[in-house]
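Below is one structure, written out as structure tokens, with a few remarks after it.
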Amino acid sequence: MMRHHRIGVLVGSCAALSVSLFGHVAAQAADCPGHPEAIGTSRTIVVDTRAHPRLGTMQYPETLPLGDHEVVLTFDDGPLPKNSNQVLQILADQCVKAIFFTIGEQAIANPEGVRKLAAAGHTIATHSQTHPLNFPRMSLEQATKQIEDGFASTRKALDDPSLVAPFFRFPGLNRSDAAEAYLASKGIQVWSTDFLADDWHHISSAKVYDLAMRRLEAMGKGILLLHDIHARTAGALPNILRDLKARGYRIVQVVPATAERPATPTDPGDWQLYPPSEQVPIAHWPKVPSFSFAETESLIAPAVSDFDSPDGKLLLSGKSMARVKRQGVPLPPEAPWPRVSELPVETAALSLPVPAQSVFEMPDEHAAFRSSPPPRVAATEESEDRGKGRRGRGGRTRVAHAHSAAKHHAHTSGGTKKPVHVASLKKRRS
Ligand SMILES: [Zn+2]
């Protein structure tokens, strides 16, 4: 009897689960008429832009407060009718809402494209007026004009200018302290990203899809940066969305808080991809952080300096990539993780001569100090600590960012580490 009773409970549970699952599917299908296989948009996060002025772990300590397997799709550089329209159709067929970072000049040339974004319910954000890649070197006046003109041009395309969110992404992610300070003073949130799919490079749609999925799998969640102006992106998008659904990912929409629409309640730790808590089980960390750390020839991660490529600038100015001066992406002075350019000290230490025993010999009158490590050993331990500090999540040596880090060492060396890194390193050692 007991056994039958248990089976009865199991059957009952399965029935309840089935009803629940079917109910969920039915709701999703109803949300996306004619497309029962659509991934849909699972929820909308309302963000307070002043409380969280900068997002995206590629450059900043904070990112969106996403749950595991939640993804935010962002598209830059449009609208450009041909490919942007195709991207919009693909998203519509999947009932997916995304964030579009428009270029002011593109909005002027194609205001209908901006109106289509609004009509489809996407979040409209901006990406400067002409997509200059030299924000780090321009005056505050020039930067301000680029930012404000970009917003004005995009708003002008809409009947309701309030539909343009106070979200901004630097062209090529080329940030500057002055521009960031200006944006923060205006309550405009700066969006970097959590990962890329390199779709501004001349690669195939299959490669864009592959990079997007591999890097997402490495992080488990996050903001994906794409470009709706490229055919390769439009080509990759159906497969990305199909695979996202198959692998249990959920699409999240993001909108700014307003007087009528309060911010989604969150804890401060929710805004950090790797919470600085000793309570966070290590198993919750990314399983394969290969997108940030390259140790083989199969470098799937872009160096931050990859953003030297002119992106939409190519489209707007016709400049060849070769003519665009390679500057790298400026990183904030306070690095979200250690960025040091030299080779790991462990490796360097191997080539150093072994110190003679006499180095450690001390006269008897210094015997009291013998309990302290000898100077050479102390130096080595410090070096190893520094070397470990250069290691990324998963204990692999960070290589992908080394080039950029060399350029920005002067910036980052003055920055203090966040507690998260101390906690994480402690965990890694244990
Ligand atoms: Zn761009």
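The values are calculated or read from the model by the stated rules, or taken from the named source; none is laboratory data. As the structure is a prediction and not an experimental result, all values here were calculated from the model. All Cβ positions, even for glycine, are placed from backbone atoms using ideal geometry, and neighbour counts span all protein chains on display.
The table below lists the values:
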| read-out | value |
| --- | --- |
| Selection within the stretch 195-233 - of a type in the set (Asp, Glu) and out of contact with any Leu (no Cβ under 7 Å at 6 or more places or on another chain) | 210, 217, 228 |
| Qualifying residue in the stretch 130-149 (condition: in contact with a strand residue (DSSP E or B) (Cβ under 9 Å, 6 or more places away or on another chain) and of a type in the set (Val, Ile, Thr)) | yes |
| Tally of residues being in contact with a helix residue (DSSP H, G or I) (Cβ under 8 Å, 6 or more places away or on another chain) and away from the ligand (no atom under 16 Å from the Cβ) across the stretch 69-81 | 2 |
| Single unsatisfied condition, residue 115 versus (1) more than 27 Å from residue 252 (Cβ to Cβ); (2) surrounded by fewer than 23 Cβ atoms within 10 Å (Cβ to Cβ) | (1) |
| Residue pairs meeting the criteria (Cβ under 6 Å; at least 6 apart or on separate chains; first in contact (Cβ under 8 Å) with a residue 12 or more places away in the chain and in a loop (DSSP other than H, G, I, E, B), in the stretch 187-208; second among the β-branched types (Val, Ile, Thr) and within 14 Å of the ligand (Cβ to nearest atom)) | 199/233 |
| Flag for residue 62 being in contact with a helix residue (DSSP H, G or I) (Cβ under 7 Å, 6 or more places away or on another chain), more than 16 Å from the ligand (Cβ to nearest atom) and within 23 Å of residue 271 (Cβ to Cβ) | yes |
| Qualifying position, being surrounded by fewer than 22 Cβ atoms within 10 Å (Cβ to Cβ) and closer than 17 Å to residue 233 by Cβ, among 90, 103 | 90 |
| Hey, residue 155 under 18 Å from residue 110 (Cα atoms), at pLDDT 95 or above, surrounded by fewer than 23 Cβ atoms within 10 Å (Cβ to Cβ) and basic (Lys, Arg) or not | yes |
| Criterion (under 17 Å from residue 56 (Cβ atoms), among the hydroxyl-bearing types (Ser, Thr, Tyr) and within 16 Å of the ligand (Cβ to nearest atom)) met by exactly one of 233, 193 | 193 |
| Candidate set: the stretch 169-189, residues that are in contact with a Leu (Cβ under 6 Å, 6 or more places away or on another chain) and within 14 Å of the ligand (Cβ to nearest atom); chosen: the one farthest from residue 108 (Cα to Cα) | 174 |
| Top-ranked residue in the stretch 82-110 [being in a helix (DSSP H, G or I) and of a type in the set (D, E, K, R); ranked as farthest from the ligand (Cβ to nearest atom)] | 93 |
| Close pairs from the stretch 138-151: first farther than 13 Å from residue 186 by Cα, partner of a type in the set (Gly, Ala, Ser), Cβ under 6 Å, at least 6 apart | 140/178; 143/179; 146/128; 149/104; 150/104; 150/128 |
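This table checks each residue for (1) at pLDDT below 95; (2) surrounded by 15 or more Cβ atoms within 10 Å (Cβ to Cβ).
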site	(1), (2)
26	yes, no
31	yes, no
36	yes, no
43	no, no
65	no, yes
82	yes, no
86	no, yes
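Listed here are the residues, each with its yes/no results for (1) in contact with a strand residue (DSSP E or B) (Cβ under 9 Å, 6 or more places away or on another chain); (2) within 24 Å of residue 33 (Cα to Cα).
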residue: 63; (1), (2): yes, no
residue: 72; (1), (2): yes, yes
residue: 79; (1), (2): yes, no
residue: 86; (1), (2): no, yes
residue: 94; (1), (2): yes, yes
residue: 102; (1), (2): yes, no
